[in-house]
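First the structure, in the form of structure tokens, and then the observations on it.
The values are calculated or read from the model by the stated rules, or taken from the named source; none is laboratory data. Predicted model only: the values in this text are computed from it and were never measured. So basically every Cβ, Gly included, is an ideal-geometry build from the backbone, and we count neighbours across all protein chains shown.
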Amino acid sequence: EESSVDAELASAQRDMLVVLKLQKRLSGQTTSAAVKVATFDREKGQQSLKPTDERLPMPIAEIAARLRDPSQGAVATIDGDGSLLLSTDRQRIDRLFGWDGQRYQLERREDQWVLATRLADGRVLRGYLADNPEKPARPLAKFSIEDSSARGAKPKPAAKVSDAAASAN
């Protein structure tokens with residue numbers, strides 16, 4: 001039974017990696033709003049807004065809609081199994097994102113955006129792409145798994161796949 005749980009986790013990580021790569025690529029093609037940090041200075045009695053260099057990631061439902069829209073042009077990437085995934089493969093896109101585009105959620109964790117999904121056994125898988133100082137064009141995929149019965153507990157490191165290099169294409 002443990003090997004089937006490990007296989008489910010590895011499969012979920014591979015799918016999430018594909019979504020993270022697509023999010024990174026497609027977010028670069030949009031003009032998403034810049035994040036502004038609002039602070040209130042009690043001594044001056046005024047609020048100040050400071051823009052940051054960070055941009056909001058493209059919402060997952062928007063990515064799914066973009067991939068399903070034939071007027072946007074086809075997008076290709078390497079799928080989790082190593083095969084070529086085309087945005088024209090509607091069945092695979094629907095399985096990847098969920099038919100309603102709600103399989104994944106964006107969450108803000110420790111000053112960064114992460115992708116999250118709930119696995120069949122109730123655990124929550126979270127992932128994000130981190131900078132790779134050795135190969136900047138190939139970010140590192142970082143994953144964590146959290147047991148839903150241990151709410152508030154620190155997420156446990158996921159399988160060895162957690163530091164896989166992700167090609168941005």
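Some notes on this structure:
- Residues in the stretch 38-90 that are at pLDDT below 65 and β-branched (Val, Ile, Thr): 39, 52.
A quick yes/no check of all residues on (1) surrounded by 13 or more Cβ atoms within 10 Å (Cβ to Cβ); (2) acidic (Asp, Glu); (3) part of a loop (DSSP other than H, G, I, E, B):
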position: 82; (1), (2), (3): no, no, yes
position: 93; (1), (2), (3): yes, no, no
position: 100; (1), (2), (3): no, yes, yes
position: 127; (1), (2), (3): yes, no, no
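- Among (1) modelled with pLDDT of 85 or more; (2) more than 24 Å from residue 58 (Cβ to Cβ); (3) in contact with a Lys or Arg (Cβ under 9 Å, 6 or more places away or on another chain), the one test that residue 121 misses: (3)
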